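The values are calculated or read from the model by the stated rules, or taken from the named source; none is laboratory data. Owing to the predicted nature of the structure, the values given are computational and were not obtained by experimental measurement. Glycine gets a Cβ as well: all are built from the backbone with ideal geometry, and neighbour counts include every protein chain shown.
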Amino acid sequence: MKKVFVDTGAFLAKELTSDQYHSEAKECWRRLVQRGVLFYSTEHVLDETMTLLARRTHASWAAEWGRDVLSAGFHWLAAKPKDWVESMELMRKYADQAVSYTDCLSFALMRGEGIRDCFTYDRHFQAAGFRVVS
């Protein structure tokens, strides 16, 4: 089965009707589910998404969303110290592009898991060599 990493921007676009990519994200999500892909993400992306959802909506809604996503069958990639070091190296590599630590950690974990495809609206994933699904 195809593995797809889900980034913060995709989660936000899917959930927030005010997001410029909302309709596109909902349709992409529907297609990915229909294809039976395996969804992956990290606790760092979960943290980032829940924080932003709480700021843009309400903390209780963000908490409910978090409970839902945790029970949705995602595969959660856990970082180890070697991944942190690789992430820091990637931050240096992409310093001219101002890539976040969370993104660099995602890159390291995706590579470690052999994930090439990413559901995101963040250009940094493509710059790092990943395929963006839409």
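Quick notes on this structure:
- Being surrounded by 13 or more Cβ atoms within 10 Å (Cβ to Cβ) and either closer than 26 Å to Met1 by Cβ or touching a residue at least 60 places away in the same chain (Cβ under 8 Å) (or both) is not true of Tyr101.
- Residue list for the stretch 86-134, restricted to those being in contact with a helix residue (DSSP H, G or I) (Cβ under 7 Å, 6 or more places away or on another chain), aliphatic (A, V, I, L, M) and within 14 Å of His44 (Cβ to Cβ): Leu90, Met91, Val99, Leu105, Ala108, Leu109
- Scanning the stretch 76-102 for residues that are out of contact with any Leu (no Cβ under 6 Å at 6 or more places or on another chain), in a helix (DSSP H, G or I) and among the hydroxyl-bearing types (Ser, Thr, Tyr) yields a count of 2.
- For Ala62, the criteria (1) modelled with pLDDT under 95; (2) of a type in the set (A, V, I, L, M); (3) surrounded by 13 or more Cβ atoms within 10 Å (Cβ to Cβ) hold in every case but one, which is (1).
- Looking only at the stretch 1-24, and only at residues there that are under 19 Å from Gly36 (Cα atoms) and without any contact (Cβ under 8 Å) to a residue 40 or more places away in the chain, the one that is surrounded by the most Cβ atoms within 10 Å (Cβ to Cβ): Lys14
- Selection from the stretch 10-48 of residues that are in contact with a Phe, Trp or Tyr (Cβ under 9 Å, 6 or more places away or on another chain), of a type outside the set (D, E, K, R) and under 17 Å from Trp61 (Cβ atoms): Phe11, Leu12, Ala13, Leu46
- Residue match in the stretch 115-127 (condition: part of a helix (DSSP H, G or I) and in contact with a strand residue (DSSP E or B) (Cβ under 6 Å, 6 or more places away or on another chain)): yes
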